[in-house]
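Worksheet for the structure shown next.
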Amino acid sequence: MAHYKAELDLTGVAAPLHVLRTNQVINELDVGDLVMVKVDARKALQDFKAYSSQSGNRLVEKRQAPNGVGFFVLRKC
């Protein structure tokens, strides 16, 4: 089981704020640390893929629950 340095519940947070808040937390982490984000924004997967590509931080896991909530794990690089 992965150890997350931070866990964010951003359900109900509109785009692009879920990415901005995630970025604020990642900026405080050490290289290699993991953050788990729970979000229900419809385009969250696209948003976090774009964020990962632009920031250099790695999207290491993505899961979608049947109720539409997504779980994303990012590693600070």
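The values are calculated or read from the model by the stated rules, or taken from the named source; none is laboratory data. Because the structure is a prediction, the values reported are computed rather than measured. As a convention, Cβ positions derive from the backbone with ideal geometry for all residues, glycine included, and neighbour counts pool all protein chains shown.
Things to note:
- Candidate set from segment 11-30 (those that are charged (D, E, K, R) and not in a helix (DSSP H, G or I)); member that is nearest to residue 67 (Cα to Cα): 28
- Any hit, segment 31-41, residues being basic (Lys, Arg), in contact with an Asp or Glu (Cβ under 9 Å, 6 or more places away or on another chain), part of a strand (DSSP E or B) and modelled with pLDDT of 95 or more: yes
- Subset of segment 2-56 [basic (Lys, Arg) and more than 11 Å from the chain's Cα centre (by Cα)]: 5, 42, 43
- Note on segment 48-69: residues that are part of a strand (DSSP E or B) and among the hydrophobic types (A, V, I, L, M, F, W, C) total 2.
- When segment 42-75 is limited to residues that are closer than 18 Å to residue 3 by Cα and out of contact with any Asp or Glu (no Cβ under 8 Å at 6 or more places or on another chain), the one that is surrounded by the most Cβ atoms within 10 Å (Cβ to Cβ) turns out to be 74.
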